[in-house]
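To keep things clear, I will list the structure first and then write my remarks on it.
The values are calculated or read from the model by the stated rules, or taken from the named source; none is laboratory data. All of these numbers come straight from a predicted model, not from anything done at the bench. We place every Cβ from the backbone using ideal geometry, glycine too, and count neighbours over all the protein chains shown. Surface areas here come from the heavy atoms of the whole protein model, side chains and all, with no ligands, DNA or RNA. Shrake-Rupley method; radii C 1.70, N 1.55, O 1.52, S 1.80 Å.
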Amino acid sequence: MPVFFQSRAGRQCMSIVGLGITLWLLGTLLQFDDSLVSFMTRFRAYGADKLVLGLGIAGAMSFIYSVLRIADLRKEMELGIAAQAKADWTATHDHLTKLPNRYAFERKILARPVKSDEAKSRNGTTTSPSSPSISTASRKSTISSATRAATCC
């Protein structure tokens, strides 16, 4: 139950309970109950006592319904989280061997942070000993001269 009070619905429930207690204390201090009793006795012929009783019962029923609905929503959320975890496991593991599949491997590799040396080598900004650095202009001139030599002969 403590997890419930950390959620938004739990905080709202506690706020409403706090507001209800505050209104009850205020009504007690201002002797609202005496005013309500005098109102009900004056209008007894019009059914005011039945109206107040009906409103009280309706309020209690709505409170019980809301508590039950919050419990249902919490259960649905837990089932959704479990289903998401199962779907994620199914997507990343082989059904026969239960071993991680290629997708899980790629997710793990792509999720790790890229080191600065690896990033530079992927972008082509650094040179490796096996491939000497050639500027873009010299590569274009070499390609165009090779093309001219092949077409002239």
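Assorted remarks:
- Segments classed as helices (runs of 4 or more DSSP H), wholly inside the range 74-153, with at least 2 members that are in contact with a strand residue (DSSP E or B) (Cβ under 9 Å, 6 or more places away or on another chain) and modelled with pLDDT of 80 or more: 102-111
- Residue count for the range 64-77 satisfying the condition of being open to solvent by 70 Å² or more (accessible area, probe 1.4 Å) and of a type in the set (S, T, Y): 1.
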